[in-house]
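Sharing a structure here in structure tokens format.
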Amino acid sequence: MSSASLIVTLSLKVFNFVFLLISLIVLTSDTATAYIEILISTVTIKVHFNNVYAYRYMLATNVIGFAYTLLQIVFSNFHITMGNHLISGDGGVLLGFYGDKVISYLLATGAAVGFGVTKDLRTTLDGMCLVIDKSFYEKAYASPSLLLLDRLCLHCYIISYIFVCTSKES
């Protein structure tokens with residue numbers, strides 16, 4: 001691999017890392033207070049992302065993707081600085097290729113769950129006449145959006161990696 005392609009792959013992995021980090025921060029800071037008027041009093045309910053199992057799943061996919069991306073950044077950095085792979089033979093290539101695919105699908109399911117549960121949660125809470133801050137839903141939609149951006153970045157990396165590997169064989 002040329003040094004330019006190594007730098008491009010490392011930069012795509014860094015973009016993955018940044019998207020996952022921002023998504024993680026947005027998701028974990030997503031809290032709100034819901035209000036409901038009952039007769040003459042107001043009842044408040046604290047809503048946190050931990051209260052919803054689907055958000056926990058999205059958090060788990062985010063953390064797994066975060067750890068995997070950090071590991072891949074270390075491998076790429078080692079390859080750029082030392083000039084050889086940390087895992088010799090085809091093992092490192094296979095780990096990277098299939099690992100990227102598994103993480104990509106995992107992030108896609110996490111994002112889909114995030115979008116779906118946010119829509120359902122909004123419909124349910126509105127149907128119960130609960131008044132909740134709009135920023136809760138905005139953050140709840142922002143986190144899976146960042147996961148999808150990360151998945152897009154990961155696919156760009158996979159495509160460039162396949163292109164480099166097939167052009168090397170020709």
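The values are calculated or read from the model by the stated rules, or taken from the named source; none is laboratory data. Quick caveat, the model's predicted, so the values are computed rather than measured. So basically every Cβ, Gly included, is an ideal-geometry build from the backbone, and we count neighbours across all protein chains shown. When the accessible area is computed, the model is the full protein with side chains, heavy atoms only, and any ligands, DNA or RNA have been set aside. Shrake-Rupley method; radii C 1.70, N 1.55, O 1.52, S 1.80 Å.
List the number of the failed condition for TYR55; all other conditions in (1) open to solvent by 80 Å² or more (accessible area, probe 1.4 Å); (2) part of a helix (DSSP H, G or I); (3) more than 19 Å from HIS155 (Cβ to Cβ) hold.
Against the list (1) open to solvent by 80 Å² or more (accessible area, probe 1.4 Å); (2) part of a helix (DSSP H, G or I); (3) more than 19 Å from HIS155 (Cβ to Cβ), TYR55 comes up short only on (1).
Can I ask one more? Output the number of residues of the stretch 44-63 satisfying the condition of being polar (S, T, N, Q) and under 15 Å from ASP120 (Cβ atoms).
Result for the stretch 44-63: 1.
Next question. Quick one: CYS129 ticks every box in (1) under 22 Å from SER3 (Cβ atoms); (2) open to solvent by 80 Å² or more (accessible area, probe 1.4 Å); (3) not in a helix (DSSP H, G or I) except a single one, so which number is it?
Status for CYS129: all satisfied but (1).
From the set of residues in the stretch 63-99 that are open to solvent by less than 50 Å² (accessible area, probe 1.4 Å) and at pLDDT 85 or above, which is nearest to GLY110 (Cα to Cα)?
Going through the qualifying residues, I end up with GLY65.
For the stretch 82-97, indicate whether the set of residues that are under 21 Å from THR9 (Cα atoms), touching a residue at least 60 places away in the same chain (Cβ under 8 Å) and charged (D, E, K, R) is non-empty.
So far as the stretch 82-97 goes, no, none of its residues is under 21 Å from THR9 (Cα atoms), touching a residue at least 60 places away in the same chain (Cβ under 8 Å) and charged (D, E, K, R).
With respect to the numbered conditions (1) assigned to a strand (DSSP E or B); (2) in contact (Cβ under 8 Å) with a residue 24 or more places away in the chain, which one is the sole condition not fulfilled by THR42?
Exception for THR42: condition (2).
List every residue pair whose Cβ atoms sit under 7 Å apart, with the two residues 6 or more apart in sequence or on different chains, where the first one lies in the stretch 1-30 and is free of Cβ contacts under 8 Å to residues at least 24 places away in the same chain and under 22 Å from ASN51 (Cβ atoms) and the second, anywhere, is surrounded by fewer than 19 Cβ atoms within 10 Å (Cβ to Cβ) and among the hydroxyl-bearing types (Ser, Thr, Tyr).
none
Here's a follow-up. Scan LEU21, LEU10, LEU27 and give me the residue that is outside any strand (DSSP E or B), among the aliphatic types (A, V, I, L, M), more than 21 Å from ILE158 (Cβ to Cβ) and open to solvent by less than 70 Å² (accessible area, probe 1.4 Å).
LEU27 is the lone residue from the list that is outside any strand (DSSP E or B), among the aliphatic types (A, V, I, L, M), more than 21 Å from ILE158 (Cβ to Cβ) and open to solvent by less than 70 Å² (accessible area, probe 1.4 Å).
Now for a separate question. Scan the stretch 17-43 for residues that are in contact with a helix residue (DSSP H, G or I) (Cβ under 8 Å, 6 or more places away or on another chain) and more than 15 Å from THR124 (Cα to Cα) and report the count.
Qualifying residue count for the region: 14.
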